[in-house]
Amino acid sequence: MKITDFLLAGDVAAALAECKDPGSFQLKKFCKTSGLAKRSVKEIEQIFAILDDDKSGFIEKSELKSFLQYFVPQARKLSDSEMDSFVSAGDADGDGKINLSEFQNLLTA
């Protein structure tokens, strides 16, 4: 299963176009444009499982580096500052990683 199985191709293309330049990734804008923000709880759980590459139960910074490439393999990697912003936006308990509950809140807030 791929993240793009849950989203419309045109929405994904528009979201990726908005953040094609280094440093331009804005999580809330990306989630809204791509349609991630409108996914059901079950779909968010499945998307989380895809992003949790090592199956640790958390999405860590190292897994976020390739976040955009889960949508299109040739997309750019997130910069360190973009990864830091992503984690800071979702890491409610301050452990430096994002668990499922935090991910759900991050996408739907």
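Which one of Phe58, Ser79, Ser24 has its Cα pushed farthest toward the positive end of the charge dipole of the chain, where Lys and Arg give +1 and Asp and Glu give -1 at the Cβ?
In the chain, that residue is Ser24.
With N denoting the number of residues in the chain, provide Rg(C-alpha) divided by 2.2 N^0.38 Å, to two decimal places.
Numbers: Rg = 12.5 Å, N = 109, 2.2 N^0.38 = 13.1 Å.
Against the empirical 2.2 N^0.38 Å value, I get 0.96 for the chain.
What is the magnitude of the charge dipole of region 1-44 about its Cα centre, with +1 placed on the Cβ of each Lys and Arg, -1 on the Cβ of each Asp and Glu, and no other charges, expressed in debye to the nearest 20?
Details: 8 positive and 5 negative charges, 36 e Å.
I would put it at about 180 debye.
Quick one: how many lysine pairs in the chain have C-alpha atoms under 19 angstrom apart, if they're 8 or more apart or on different chains?
Total qualifying Lys-Lys pairs in the chain comes to 28.
Considering only the other residues whose Cβ falls under 14 Å of the Cβ of Ala109, what net charge follows from Lys and Arg at +1 and Asp and Glu at -1? Present the calculation step by step, with values, prior to reporting the outcome.
On the way: positive: Lys28, Lys29, Lys32, Lys38, Arg39; negative: Asp91, Glu102.
Local charge sum for Ala109: +3.
With a 1.4 Å probe and all protein chains kept in place, how much accessible area does Thr108 have, in Å² rounded to the nearest 10?
80 Å²
Among Lys42, Lys32, Lys97, which one shows the highest mean-square fluctuation when the chain is modelled as a Gaussian network with alpha-carbon springs under 10 Å?
Most flexible of the set in this elastic network: Lys42.
Any idea of the accessible area per residue across the chain, 1.4 Å probe, to the nearest Å²? Could the numbers behind the result be given before it?
Working: 5780 Å² over 109 residues.
In whole numbers, the chain has 53 Å² accessible per residue.
Take the solvent-accessible surface of the protein heavy atoms, probe 1.4 Å, and return the percent of it on the chain that carbon and sulfur atoms account for. Walk me through the numbers before you get to the answer.
Details: 3050 of 5780 Å².
Answer for the chain: carbon and sulfur cover 53 percent of the accessible area.
Points 7 angstrom from Cα along the Cβ direction at Ala17 and Lys38: gap in nanometres?
1.7 nm
Place a point 7 Å from the Cα of Leu8 along the Cα-to-Cβ direction; which residues of region 65-109 have their backbone N under 14 Å from it?
What the label zone holds, given the 14 Å backbone N cut-off, is no residue at all.
Run the simple label-point estimate for Val72 and Gln46 please: 7 Å along Cα→C-beta, distance reported in nm.
Rounded to a tenth, the inter-label distance reads 2.3 nm.
The values are calculated or read from the model by the stated rules, or taken from the named source; none is laboratory data. Please read all numbers here as calculations on a predicted model, not as lab measurements. No Cβ is skipped: glycine too gets one built from the backbone with ideal geometry, and neighbour counts run over all protein chains shown. These area figures cover heavy atoms from the full protein model, side chains too; ligands, DNA and RNA do not enter into them. Shrake-Rupley method; radii C 1.70, N 1.55, O 1.52, S 1.80 Å.
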